[in-house]
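I have placed the structure first, in the form of structure tokens, so that the comments after it can refer back to it.
The values are calculated or read from the model by the stated rules, or taken from the named source; none is laboratory data. Values in this document were obtained by computation on a predicted structure and should not be read as measured data. Note that each Cβ is placed from the backbone with ideal geometry, even for glycine, and that neighbours are counted across all protein chains shown.
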Amino acid sequence: MVSRTTSVDPATVRAVVGIVRLIGAIVCAVALVARFVWGLGSVTFTASNFFAYLTIQSNLAFVAVMAVAGVVALRSPRDPRWLTTARATVLSCTVSAGAVFALLVEQAGARGLPLSVPWSDQVLHFWLPALALVDWAISPGRGRALWRSVVFVQVYTVVWGVVTLIRGPIVGWYPYFFLDPAQISGIGEFLLLSCIALASFAAISVGVVALTRLRPLLDRLQQRH
């Protein structure tokens, strides 16, 4: 009896990955529109505040990067280094924003404040980042991201924070409670929570880049065959 070893065609796998990435970009775009429409039901909603959220900005970048990554996967066996680094940067931001959102939900419950979480928020903060992490870990054709991605994430976060602190008193609105002087005990709590947030962003970013030092799971499986 002759044993046969079956292997999956790498081109087919890349095509599937490309389609999944494009679907992810479309779902993210739909969720962003749905979240915007849902926000219109609030009397305090403004478009400028909507786009000031770190989550919204990172997910807009997620749509663009995933769309490009999807097209590249359909046309090329490997992702270029610049695309891998861009994906690492955006993925770090979306996962970090999801972690911050989870903290906000937990804090809202602890403070007895109602916080509605529509399906669009669940998709943007939890489901899409999880899908992107799975793609990051297993999809073939992903090379190594540059460590400068960690710097990009930190610079973007700090710049966003500074702009938010300058804009907050002008418009009378802050996207997150720990940036609002009226919701925290003082400068000490602000610095503590801000440092925790920055450290969390840095840790997640380092983890995302470090993962690219391992070959994607499907690459390793195909190599064995």
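Considering only residues of region 123-158 that are assigned to a helix (DSSP H, G or I) and among the small types (Gly, Ala, Ser), which is surrounded by the fewest Cβ atoms within 10 Å (Cβ to Cβ)?
Step one: list which residues in region 123-158 are assigned to a helix (DSSP H, G or I), which gives 123-138, 148-158.
Okay, now just the ones that are also among the small types (Gly, Ala, Ser), so 130, 132, 137, 149.
Working: Ala130: 12, Ala132: 23, Ala137: 14, Ser149: 23.
Among those that are assigned to a helix (DSSP H, G or I) and among the small types (Gly, Ala, Ser), it is Ala130.
Would you say Ala202 is under 25 Å from Ala86 (Cβ atoms), free of Cβ contacts under 8 Å to residues at least 60 places away in the same chain and either in a helix (DSSP H, G or I) or not aromatic (Phe, Trp, Tyr) (or both)?
So Ala202 passes the test.
Could you go through region 82-92 and let me know if any residue there is surrounded by fewer than 17 Cβ atoms within 10 Å (Cβ to Cβ) and modelled with pLDDT of 95 or more.
Yes - at least one qualifying residue is present in region 82-92.
Say we look at region 1-28 and pick out the residues that are more than 17 Å from Asp219 (Cα to Cα) and part of a loop (DSSP other than H, G, I, E, B); which of these is modelled with the highest pLDDT?
My answer is Arg4.
Given the criterion assigned to a helix (DSSP H, G or I) and loosely packed, with under 15 Cβ neighbours inside 10 Å, identify the matching residue among Gly188, Gly161.
Exactly one of Gly188, Gly161 is assigned to a helix (DSSP H, G or I) and loosely packed, with under 15 Cβ neighbours inside 10 Å, namely Gly188.
Taking region 44-84 as the search range and keeping residues that are β-branched (Val, Ile, Thr) and in contact with a Lys or Arg (Cβ under 7 Å, 6 or more places away or on another chain), which one is nearest to Ile204 (Cα to Cα)? Even if it seems obvious, please write down each step before you answer.
Restricting attention to region 44-84, the residues satisfying the condition of being β-branched (Val, Ile, Thr) are 44, 46, 55-56, 63, 65, 68, 71-72, 84.
Still in the running and in contact with a Lys or Arg (Cβ under 7 Å, 6 or more places away or on another chain): 65, 84.
Numbers: Val65: 19, Thr84: 16 Å.
Looking at residues that are β-branched (Val, Ile, Thr) and in contact with a Lys or Arg (Cβ under 7 Å, 6 or more places away or on another chain), I get Thr84.
Would you please name the residue that is surrounded by the fewest Cβ atoms within 10 Å (Cβ to Cβ), looking only at residues in region 191-219 that are small (Gly, Ala, Ser), more than 30 Å from Val13 (Cβ to Cβ) and modelled with pLDDT of 90 or more?
Restricting to residues being small (Gly, Ala, Ser), more than 30 Å from Val13 (Cβ to Cβ) and modelled with pLDDT of 90 or more, the top hit is Ala199.
Could you please find all residues in region 180-197 being in contact (Cβ under 8 Å) with a residue 12 or more places away in the chain and touching a helix residue (DSSP H, G or I) at 6+ places or on another chain (Cβ under 6 Å)?
Leu193
Go through the residues of region 18-29 one by one and say whether even a single one is surrounded by fewer than 14 Cβ atoms within 10 Å (Cβ to Cβ) and either farther than 26 Å from Ile204 by Cα or touching an Asp or Glu at 6+ places or on another chain (Cβ under 7 Å) (or both).
Yes, that holds for at least one residue.
It is to be established whether one or more residues within region 29-49 are modelled with pLDDT of 95 or more, part of a helix (DSSP H, G or I) and more than 17 Å from Ser120 (Cβ to Cβ).
No - not one qualifying residue is present in region 29-49.
For Ala99, indicate whether it is of a type outside the set (Ser, Thr, Tyr), assigned to a loop (DSSP other than H, G, I, E, B) and under 24 Å from Val20 (Cβ atoms).
The answer is no for Ala99.
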